[in-house]
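*Asks:* Below is one structure. I have some questions about it.
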Amino acid sequence: MATLAFMKIPNRKTIALLLALTLPGTVAWAGHTKAASQKTSSASTPSYPVKISANGRYLVDRNNVPFLIAGDNPHALVTMTSMADAARYFDDRQAHGFNAMWFDVLVAGPYRPYSPEDGATYDGIRPFTAFIPGGADTAHYDLTKPNEAYFARVDQMLTLAKNHGMVVFLDPIETGQWLQTMRNNGPVADYAYGQYLGNRYKHFQNIIWLNGNDFESWENSTDDAVVQAVAKGIRSADPGSLQTVELNYQNSSSFDDPTWMPLSQINSTYAYAPTYIQMLHSYNQTPVAPTYLLEAHYELEKVGEPWDYGNPLVLRHQEYWAMLSGGTGQLYGNAFIWTFMPGWRYFLDTPGVTQFTIWKKFFESLPWQDLVPDQTHTVVTDGFGTFGNLQTRVSNSDFCTASKTHDGSFIVAYLPTVRTITVNMASLKAPVIAKWLDPSNGAYTTISRGPFINKGTRRFTPPAKNHDGDGDWVLLLAVVKGK
């Protein structure tokens with residue numbers, strides 16, 4: 001049994017505190033292949049590239065099939081893994097049904113802990129061949145002098161992702177470590193670097209460009225300009241690829257910075273507070289755009305002010321809240337995987353990964369793209385709990401999020417705690433069957449005495465405890481087939 005877990009401070013710069021946690025079911029690297037081979041995704045591999053749906057609310061693949069974002073955050077993949085380890089990692093994530101990844105083109109410590117401070121790969125390949133005057137560190141790399149050997153490694157990682165059916169949220173130059181590099185190079189060189197990337201990677205149809213990363217100073221117009229210069233350089237060479245941006249940690253949405261709207265087709269949501277708060281903010285912003293949960297609490301980490309720990313219950317809260325608040329998916333995160341810290345191979349198949357797979361399979365079984373969040377409590381009319389605010393801990397919120405499809409065929413509600421809720425049955429188009437989903441193990445319990453007529457109101461109370469011994473449940477009301 002592994003007992004290691006780590007804390008990250010809010011900006012994910014360092015990992016500093018050892019916490020004790022027993023992880024039942026964690027699979028060691030040597031044994032993961034057999035276990036992974038027994039797990040399959042219920043959805044076929046999408047046909048890339050992805051694009052914006054006709055109504056602007058979600059992503060679709062080339063064949064206009066709705067694309068539910070179900071990703072991981074292996075930020076340091078390019079520099080911290082061999083190709084053999086990367087291939088095994090992708091095998092594992094593909095077997096669990098993941099279809100997206102966020103990793104960085106450039107990776108360096110100390111902002112990416114355990115990564116070399118010169119931005120080199122684990123085997124010593126630096127990303128640039130020259131420095132601008134003023135120093136010989138990452139802040140003074142000459143962005144107009146890329147090292148072909150390094151970017152060939154990026155090519156290989158992108159090819160691996162493509163071959164595993166993954167969309168890559170590719171960060172061209174993340175702002176946690178490399179903002180000073182962009183400042184020192186200036187907007188002309190930054191733009192040229194973006195052009196280089198756009199030209200090099202425009203033939204990859206599985207890329208969404210993700211700018212920023214903990215971009216705390218986006219309200220500084222000078223800083224915003226140099227980051228946008230890279231994005232504009234990419235756009236000049238690769239106008240067909242989607243782009244987005246991550247702004248500041250704690251809580252933010254891409255469209256909080258209106259100057260990014262001409263460059264961003266996707267509204268990325270960042271939330272350490274209960275995710276429904278920021279997700280609804282993103283959903284209600286204009287122009288209408290797909291929004292998804294880019295970052296929140298990572299498994300085995302401690303973040304936020306006030307802080308919360310990324311245990312399975314906290315992860316389930318944020319996952320179901322996000323999808324029922326207008327989300328089109330999310331990226332899962334794991335303390336050991338985003339840094340590829342020593343011992344990461346033993347923390348691939350954690351409870352959080354298993355339960356993320358349950359989340360994905362549940363929503364893939366529904367017309368998730370048609371769900372509309374119940375913001376005015378016309379669907380769940382009583383028992384929805386307390387909304388809270390941005391200072392509320394995820395683990396302390398009891399708020400029930402609910403959504404209904406446009407045509408009244410489905411209602412989905414997530415209850416973080418056991419209590420009775422009242423549902424407006426007249427919001428459904430026909431009689432329904434009712435089920436409880438246990439999000440900790442994926443088991444369904446059909447509610448007896450159904451089907452239930454679509455008139456008046458009805459009270460629903462979940463079983464006392466789920467498989468994990470927690471109180472969270474998902475209520476599904478589905479119109480009887482043929483109605």
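*Asks:* What's the FRET efficiency of Lys465 with Asn284 using the Cβ-Cβ distance as r and R₀ = 35 Å, to the nearest 0.05?
*Replies:* Here the calculated transfer efficiency is 0.50.
*Asks:* Give the cross-link partners of Lys232 among the aspartates and glutamates, using a straight C-alpha distance below 13 Å as the criterion and excluding same-chain residues fewer than 8 apart.
*Replies:* Correct list for Lys232: Asp190, Asp224.
*Asks:* Could you work out the relative contact order of the stretch 374-479? I mean the mean sequence separation of Cα pairs under 8 Å and 6+ apart, divided by the number of residues, in percent.
*Replies:* Over the stretch 374-479, the number comes to 30 percent.
*Asks:* If you take every DSSP beta bridge whose two residues both sit in the stretch 62-204, what share of them, in percent to the nearest 5, is antiparallel?
*Replies:* If we restrict to bridges inside the stretch 62-204, about 20 percent are antiparallel.
*Asks:* Moving on. Going toward the positive end of the dipole of the chain, with +1 on Lys and Arg Cβ and -1 on Asp and Glu Cβ, which of Ser53, Gln278, Ala478 do you reach last?
*Replies:* Sorting the options by dipole projection puts first Ala478.
*Asks:* Here's another thing I want to ask about it. Using a 7 Å offset from the Cα along the Cα-to-Cβ direction at both Thr420 and Ala136, what is the distance between the two label points in nm, to one decimal?
*Replies:* Spacing of the two 7 Å Cα→Cβ label points: 7.5 nm.
*Asks:* Run through the stretch 202-297 and list the trypsin sites (Lys or Arg not before Pro) located in a DSSP loop whose Cβ has at most 16 other Cβ atoms within 10 Å.
*Replies:* Of the trypsin sites (Lys or Arg not before Pro), the ones in loops of the stretch 202-297 whose Cβ has at most 16 other Cβ atoms within 10 Å are Lys202.
*Asks:* Once both labels are modelled 7 Å past Cα along the beta-carbon direction, what's the Lys162-His377 spacing in nm?
*Replies:* Going by the 7 Å Cα→Cβ label model, 5.2 nm.
*Asks:* Further question: For the stretch 356-394, which chymotrypsin sites (Phe, Trp or Tyr not before Pro) pass both filters: DSSP loop (anything but H, G, I, E, B) and at most 15 other C-beta atoms within 10 Å?
*Replies:* Loop-located and lightly packed - Phe387.
*Asks:* Return the loop-located trypsin sites (Lys or Arg not before Pro) in the stretch 422-474 (DSSP other than H, G, I, E, B) with at most 12 other Cβ atoms within 10 Å of their own Cβ; answer none if there are none.
*Replies:* Hits after loop and neighbour filter: Arg449, Lys455.
*Asks:* Please identify which residues in the stretch 276-308 have an amide N closer than 11 Å to a label point set 7 Å out from the Cα of Ser221, following the Cα→Cβ vector.
*Replies:* Flagged as within label range: none.
*Asks:* Using the beta-carbon distance between Asn55 and Gln205 and R0 = 25 Å, what value does 1/(1 + (r/R0)^6) give for FRET efficiency, to the nearest 0.05?
*Replies:* Efficiency, rounded to the nearest 0.05: 0.65.
*Asks:* My understanding is that a pair violates if its Cα-Cα distance is over 25 Å; which of Lys162/Lys361; Lys51/Lys435; Lys404/Lys455; Lys162/Lys360 do that in this structure?
*Replies:* With Cα atoms farther than 25 Å apart: Lys51/Lys435.
*Asks:* What number do you get for the stretch 25-369 when its Cα radius of gyration is normalised by 2.2 N^0.38 Å, N = residues?
*Replies:* Against the empirical 2.2 N^0.38 Å value, I get 0.92 for the stretch 25-369.
*Asks:* Mind giving me the FRET efficiency for Asp407 and Ser448? R0 is 22 Å, r the Cβ-Cβ distance, nearest 0.05 is fine.
*Replies:* 0.25
*Asks:* Regarding the stretch 34-174, what is the average projected area of its C-alpha convex hull, in nm²?
*Replies:* Result: 10.2 nm².
Each value in this text was obtained by applying a stated rule to the coordinates, not by laboratory testing. It should be emphasised that the depicted structure is a prediction, and the values quoted were computed from it without experimental measurement. Reconstructed Cβ throughout: ideal geometry from the backbone, glycine too, with neighbour counts over all protein chains shown.
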